[in-house]
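Here's the structure, in structure tokens; my notes come after.
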Amino acid sequence: MEFLSDPQVWASFLTLCVMEIVLGIDNIVFISVVVSRLPEEQAKKARQIGLLLALVFRILLLLVLSWLIGLTAPVFTTFGQDVSWRDLILIGGGLFLIYKATHEIHAEIEHETATLAEAKTASFGGIIAQVLIIDMVFSVDSIITAIGMAEHVEVMIAAVIVAIAVMYAASGPIAEFIKHNPTTKMLALAFLLLIGVALIADGLGFHIPRGYIYFSMAFAAVVEVFNVLARRRRQKIAGGGE
């Protein structure tokens, strides 16, 4: 444990913590959206299970780094582009996100009886299965991105634990905000579409800097917060005038 006295180790730990927290934003948005269809107690349990699975996946992947690095090796070549298992995982995850977001947006817009009934009877097991799928995708992307930022696996695991703890603390308030402000759910679904497109682009070799994506998400979220505050103010004034 002598490396704990090395300032560079602590610098890499802090940097890795920040990066893992930022990369975890995608995970939080997805979990917050899908669990909103469950009763409150089940939703809380689903969030806990989802983030626990995210932690387990990330730690397991860190313990098999040699196998994980092998995922970036080309499996086949098509149209002059090398395709690895990581690329296939990202493309599959992106398609799943786009399908899920499109399905939810359709339900919100159409308000069809069958679709609403399906939403109200959302299966706890089905929600967990969806969280499980996306956890695997985001875990692979997160850990592969993190490789090389720290030399010690122990440091990487510690950073992942800190990031998941922050994600857990943030997931509850975010999920509650989405639940009590329906318009924000549409915004979150739009975020999922954006993230899905970004994952597919990465898988096809067209990297979109995450900074651009997160900045646009943050800007849209701030605008939506102002909209929510303005709407509440108008409702309060209208209520007082009655």
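The values are calculated or read from the model by the stated rules, or taken from the named source; none is laboratory data. For clarity, every value in this text was computed on a predicted model and none was experimentally measured. We place every Cβ from the backbone using ideal geometry, glycine too, and count neighbours over all the protein chains shown. The accessibility values were calculated without ligands, DNA or RNA, using every heavy atom of the protein model including side chains. Shrake-Rupley method; radii C 1.70, N 1.55, O 1.52, S 1.80 Å.
Here MET156, MET136, MET186 are screened, and the one residue that is modelled with pLDDT of 80 or more, within 30 Å of ASP82 (Cα to Cα), assigned to a helix (DSSP H, G or I) and open to solvent by 30 Å² or more (accessible area, probe 1.4 Å) is MET136. Screening ALA230 against (1) surrounded by 13 or more Cβ atoms within 10 Å (Cβ to Cβ); (2) assigned to a helix (DSSP H, G or I) leaves a single unmet condition, (1). Hey, among the residues in region 71-92 that are assigned to a helix (DSSP H, G or I) and of a type in the set (Val, Ile, Thr), which one's most open to solvent (accessible area, probe 1.4 Å)? Selected residue: ILE89.
Please go through region 57-70 and give me each residue that is modelled with pLDDT of 80 or more and open to solvent by less than 50 Å² (accessible area, probe 1.4 Å), ordered by number.
PHE57, ARG58, ILE59, LEU61, LEU62
Filtering region 159-181 to residues that are of a type outside the set (Gly, Ala, Ser), in contact (Cβ under 8 Å) with a residue 60 or more places away in the chain and open to solvent by 20 Å² or more (accessible area, probe 1.4 Å) leaves ILE161, VAL162, VAL166, TYR168, ILE174, LYS179.
For region 11-27, check the following and say yes or no: at least one residue is open to solvent by less than 50 Å² (accessible area, probe 1.4 Å), more than 19 Å from the chain's Cα centre (by Cα) and in contact (Cβ under 8 Å) with a residue 60 or more places away in the chain. Yes, there is a match, as at least one residue in region 11-27 is open to solvent by less than 50 Å² (accessible area, probe 1.4 Å), more than 19 Å from the chain's Cα centre (by Cα) and in contact (Cβ under 8 Å) with a residue 60 or more places away in the chain. Filter region 189-227 down to residues that are under 17 Å from the mean Cα position of the chain (by Cα) and either outside any helix (DSSP H, G or I) or of a type in the set (S, T, N, Q) (or both) and give me whichever is modelled with the highest pLDDT. It comes out as SER216.
Hey, does region 96-104 have a residue that's of a type in the set (Asp, Glu), over 19 Å from THR145 (Cβ atoms), in a helix (DSSP H, G or I) and open to solvent by 40 Å² or more (accessible area, probe 1.4 Å)? No, that holds for no residue. When region 45-70 is examined, which residues are found to be aromatic (Phe, Trp, Tyr) and either in a strand (DSSP E or B) or within 22 Å of VAL131 (Cβ to Cβ) (or both)? Across region 45-70, the qualifying residue is only PHE57.
Can you work out which of the residues in region 28-42 that are open to solvent by 10 Å² or more (accessible area, probe 1.4 Å) and touching a residue at least 12 places away in the same chain (Cβ under 8 Å) is farthest from LEU95 (Cα to Cα)?
Only one residue fits best here, namely GLN42.
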